[in-house]
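Some notes on the structure that comes next.
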Amino acid sequence: MTAPLLSLAQASMPHLMLAPIVLPLLTAALMLLLREEQQRLKLTLNVGSTLLGLVVAIALLAWTDQQGLPTTLGAYLPGNWPAPFGIVLALDRLSALMLVLTSMVGLASALFASARWHRAGVHYHPLFQFQLMGLAGAFLTADLFNLFVFFEIMLAASYGLLLHGSGRARVKSGLHYIAINLAASSLFLIGVSMLYGITGTLNMADLARSMAQIADSDRGLLHAAAGVLATAFLIKAAAWPLNFWLVPAYSAATAPVGALFAIMTKVGIYAILRLWTLLFGTESGASALFGSLWLVSGGMLTMAFGAIGMLGSQRLGHLAGYAAVLSSGTLLAAMGFGHNLVTGGLLYYLPGSTLAVSALFLLCDLIDRWRSEGSGTMPYEPHADEAPFLNAELMPSKGLNLDEDEEVLVGRVIPAAAAFMGLAFLACTLMVAGLPPLASFVGKFAMLTAVLNPLGIGASAGHQPGVSGWTFVALLIASGLLALVALTRAGIRHFWAAHDRPAPQLRLIEGLPIAALLLSCAALAVAAGPVMRYTQATADALHSPGTYVRAVMSALPVPKPPEAPVQPGDPATPAAPAAPEEKAP
């Protein structure tokens with residue numbers, strides 16, 4: 001499948017880079033022309049457009065991962081103006097990975113919503129497509145001004161999606177969400193304005209090229225501008241203590257919206273990773289690795305906050321929200337070490353953790369619906385015997401553990417829907433806690449190995465990780481343990497200790513997206529070698545930004561086509577004016 005997609009991408013590049021932005025834009029515009037009663041047609045357009053976007057994203061990823069090249073980057077000039085004066089779209093391995101991840105989560109969310117949630121309010125499908133447009137634009141743009149534009153498109157759509165379905169809880173959480181994101185957008189503008197005043201440019205590659213030439217007198221103002229801009233991104237990345245809004249908002253949203261929002265925090269992670277490696281890499285002179293200590297410290301505090309929040313949560317929606325916070329904290333802390341091997345591990349961990357949190361949001365909706373249809377849970381009562389319903393031969397005792405029809409409960413077949421939900425919850429638990437054999441364990445192990453052996457196993461003798469390294473290792477293990485305890489407790493309460501509850505009603509269109517997301521997590525583990533090679537190549541390119549800068553700055557506009565030569569006998573050519581006649585003397 002990779003070869004045809006690679007051929008498609010090569011044949012249609014660079015114009016294919018526009019598709020992740022233009023496709024949802026045109027789809028949303030078309031759906032706005034349709035009546036609200038035409039829900040089935042809108043649903044078909046939404047799912048079809050998202051599926052086509054996934055195919056395009058996979059084709060772009062295949063194009064960026066050409067064998068034999070250290071990095072493959074495409075630059076596109078939509079206005080046909082050279083950088084840094086015109087708009088530039090840039091595609092590399094990182095942006096292609098984020099596009100594929102966004103399309104996968106979006107398709108799963110759209111399919112799950114088609115069962116019931118898309119009818120809970122108006123304009124769900126156009127807002128969904130505008131959300132995908134904003135996400136794709138944020139991952140593809142190569143200048144800060146357009147990054148702000150796509151951020152606002154994404155946020156404006158998310159405001160409507162969060163309020164979809166109405167209800168007091170959604171309105172209250174939605175107002176908090178809107179207020180904090182408007183404040184973050186204001187900080188974004190302030191930081192961008194300060195950077196423009198210092199450097200005279202907003203193109204990311206041009207900014208990276210000018211970092212080493214900043215005057216010493218302006219260095220403090222540059223760091224202040226970067227701090228203001230980073231604060232805006234850290235709010236969107238749910239870093240502590242700026243993440244108080246996330247859990248109430250995400251848990252109040254409908255299940256497919258919460259699943260789509262799992263990728264929203266990764267937009268902040270992406271922006272910090274992209275700009276920090278470009279502007280404050282090892283080639284940035286006196287500003288090299290500026291803010292690394294803040295990223296490591298803030299990330300580890302976010303990890304602790306997310307793990308403790310999961311342990312103290314009773315609602316499944318809150319568990320999923322704190323799982324998203326824990327994932328963001330892990331990525332921020334690992335990013336702050338500024339080492340390409342650690343970055344390769346965190347890029348492997350990023351898609352698996354995002355897919356797991358999205359699946360958990362969808363699964364929470366099914367479990368809550370199942371719980372509301374039952375009669376509650378049976379309280380635990382201690383018994384003298386450890387297995388009171390079994391005899392010495394480990395067989396059900398007669399007259400014990402019978403239902404109202406005098407049928408033995410032990411050994412009864414579990415309904416298929418309940419079994420599916422239980423196995424899916426188990427897989428989510430393994431992914432969030434980072435236990436084998438799924439992908440998050442491989443990602444965490446790669447990060448631990450890189451922190452303890454930054455030069456490679458066998459070549460890092462005598463290296464000491466330091467206080468920050470050992471603290472990160474301890475938190476990575478402890479947060480996984482706390483997440484395991486919290487999710488296991490929730491699983492016991494909802495699957496093991498529940499009695500007198502009818503079998504869950506599960507539609508195929510609801511179970512299929514959850515299964516697809518979790519199977520993708522399993523596929524990441526099965527293909528760990530090729531995926532790790534891809535993420536490590538991505539990390540190496542991020543920490544050597546010269547290729548990115550040269551590719552963007554050297555992108556040339558398409559020359560104007562030459563005019564056709566004029567033939568003397570061409571009838572379309574106007575005849576030359578006749579010479580004026582001379583008058584006779």
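Key figures
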item	result
Residue within the range 203-210 that is outside any helix (DSSP H, G or I) and farther than 23 Å from Pro24 by Cβ present	yes
Some residue of the range 254-262 being within 14 Å of the chain's Cα centre (by Cα), farther than 22 Å from Ala433 by Cα and touching a residue at least 24 places away in the same chain (Cβ under 8 Å)	yes
Per-region count, the range 283-308, residues farther than 18 Å from Leu346 by Cβ, in a loop (DSSP other than H, G, I, E, B) and not charged (D, E, K, R)	3
Among the candidates Met104, Met98, residue that is closer than 30 Å to Val549 by Cα, assigned to a helix (DSSP H, G or I), open to solvent by less than 20 Å² (accessible area, probe 1.4 Å) and not small (Gly, Ala, Ser)	Met98
Residue count, the range 309-350 (criterion: within 18 Å of Pro454 (Cβ to Cβ), part of a helix (DSSP H, G or I) and touching a His at 6+ places or on another chain (Cβ under 9 Å))	2
Output for the range 235-253, where each listed residue is over 13 Å from the mean Cα position of the chain (by Cα), assigned to a helix (DSSP H, G or I) and over 22 Å from Cys364 (Cα atoms)	Ile235
Residue match in the range 160-174 (condition: free of Cβ contacts under 8 Å to residues at least 24 places away in the same chain, over 30 Å from Arg507 (Cα atoms) and in contact with a Leu (Cβ under 9 Å, 6 or more places away or on another chain))	no
The range 263-298 - residue that is modelled with pLDDT of 90 or more and small (Gly, Ala, Ser) and, of those, surrounded by the fewest Cβ atoms within 10 Å (Cβ to Cβ)	Ser297
Residue in the range 219-234 that is part of a helix (DSSP H, G or I), crowded, with 18+ Cβ neighbours inside 10 Å, out of contact with any Phe, Trp or Tyr (no Cβ under 7 Å at 6 or more places or on another chain) and among the aromatic types (Phe, Trp, Tyr) present	yes
Filtered residues of the range 487-509 (kept if at pLDDT below 70 and either surrounded by 14 or more Cβ atoms within 10 Å (Cβ to Cβ) or touching an Asp or Glu at 6+ places or on another chain (Cβ under 7 Å) (or both))	Ala498, Arg501, Pro502, Pro504
Positions within the range 48-68 being hydrophobic (A, V, I, L, M, F, W, C) and open to solvent by 30 Å² or more (accessible area, probe 1.4 Å), in sequence order	Leu51, Leu52, Val55, Ile58, Leu61, Trp63
Unmet requirement for Val47, which otherwise passes all of (1) modelled with pLDDT under 90; (2) outside any loop (DSSP other than H, G, I, E, B)	(1)
Residue check, Val22 touching a residue at least 12 places away in the same chain (Cβ under 8 Å) and either in contact with a Leu (Cβ under 9 Å, 6 or more places away or on another chain) or at negative phi (or both)	no
Subset of the range 135-176 [of a type in the set (Val, Ile, Thr), open to solvent by 10 Å² or more (accessible area, probe 1.4 Å) and modelled with pLDDT of 90 or more]	Val149, Ile153
Odd one out for Leu430, checked against (1) open to solvent by less than 10 Å² (accessible area, probe 1.4 Å); (2) modelled with pLDDT of 90 or more	(1)
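One line per residue, one yes/no per condition, for (1) modelled with pLDDT under 90; (2) under 21 Å from Ala419 (Cβ atoms); (3) open to solvent by 10 Å² or more (accessible area, probe 1.4 Å):
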| site | (1), (2), (3) |
| --- | --- |
| Leu332 | no, no, no |
| Met335 | no, no, no |
| Thr343 | no, no, no |
| Ala356 | no, yes, no |
| Leu360 | no, yes, no |
| Asp368 | yes, yes, yes |
| Ser372 | yes, yes, yes |
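The values are calculated or read from the model by the stated rules, or taken from the named source; none is laboratory data. Predicted, not measured: the structure shown is a model, and the values here were computed from it. With ideal geometry, Cβ positions are generated from the backbone for all residues, glycine too; neighbour counts draw on all protein chains shown. SASA here: full protein model, heavy atoms, side chains in, ligands and nucleic acids out. Shrake-Rupley method; radii C 1.70, N 1.55, O 1.52, S 1.80 Å.
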